[in-house]
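Enquirer: Sharing a structure below in structure tokens format, with a few things to ask.
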Amino acid sequence: MICNYSNVLATKHGINAALIAGYINYCLESCRFTVEENGCRWVRLSQKSITGVFPFMGVFAVRHAVRKLKNADIVVVEQLKKKRFDSTNHYTLTEYGRTVIKGDGDIE
């Protein structure tokens, strides 16, 4: 897989966050592991599965990068499954996040 990421995002929040945002965008566009909920397309990913895609990142690095993306209002993270034993997160991009990843917007 070729990793696409935003240079602007990588400069502001780090390469790990930029790679993860690019991967979420790729999954959302290619309809892999996606569900429609609340009028949005969501991708279901565990932090462990993200480390499988990017083996040079550990679970802590993924968690830290996702926290950066959430705080920057680029990614929305929710647990759409309401079962006690399923804590897998679902991810989607905000409108602002899509423009930053496409390279059309600047990060404030």
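Enquirer: Go through segment 2-60 and give me each residue that's β-branched (V, I, T) and either closer than 19 Å to A72 by Cβ or touching a strand residue (DSSP E or B) at 6+ places or on another chain (Cβ under 7 Å) (or both).
Expert: V8, T11, I15, I20, I24, T34, V35, V43, I50
Enquirer: Now for a different question. Inspect all residues belonging to segment 71-80 and state whether any of them is free of Cβ contacts under 8 Å to residues at least 40 places away in the same chain and under 16 Å from N4 (Cα atoms).
Expert: no
Enquirer: Against the condition among the aromatic types (F, W, Y), surrounded by 17 or more Cβ atoms within 10 Å (Cβ to Cβ) and under 19 Å from N71 (Cα atoms), how does Y26 come out, does it pass?
Expert: no
Enquirer: Find the residue count for segment 1-23, including only residues that are surrounded by 15 or more Cβ atoms within 10 Å (Cβ to Cβ), at negative phi and not aliphatic (A, V, I, L, M).
Expert: Of the residues in that region, 7 qualify.
Enquirer: Would you call V8 in contact (Cβ under 8 Å) with a residue 60 or more places away in the chain and over 22 Å from V59 (Cα atoms)?
Expert: yes
Enquirer: Sticking with this one: Restricting to segment 38-60, name every residue that is under 16 Å from T88 (Cα atoms) and aromatic (F, W, Y).
Expert: Hits for segment 38-60 are W42, F60.
Bear in mind that the values in this text are calculations on the coordinates, not laboratory data. Predicted model, so just to flag it, every value in this text is computed and none were measured. All Cβ positions, even for glycine, are placed from backbone atoms using ideal geometry, and neighbour counts span all protein chains on display.
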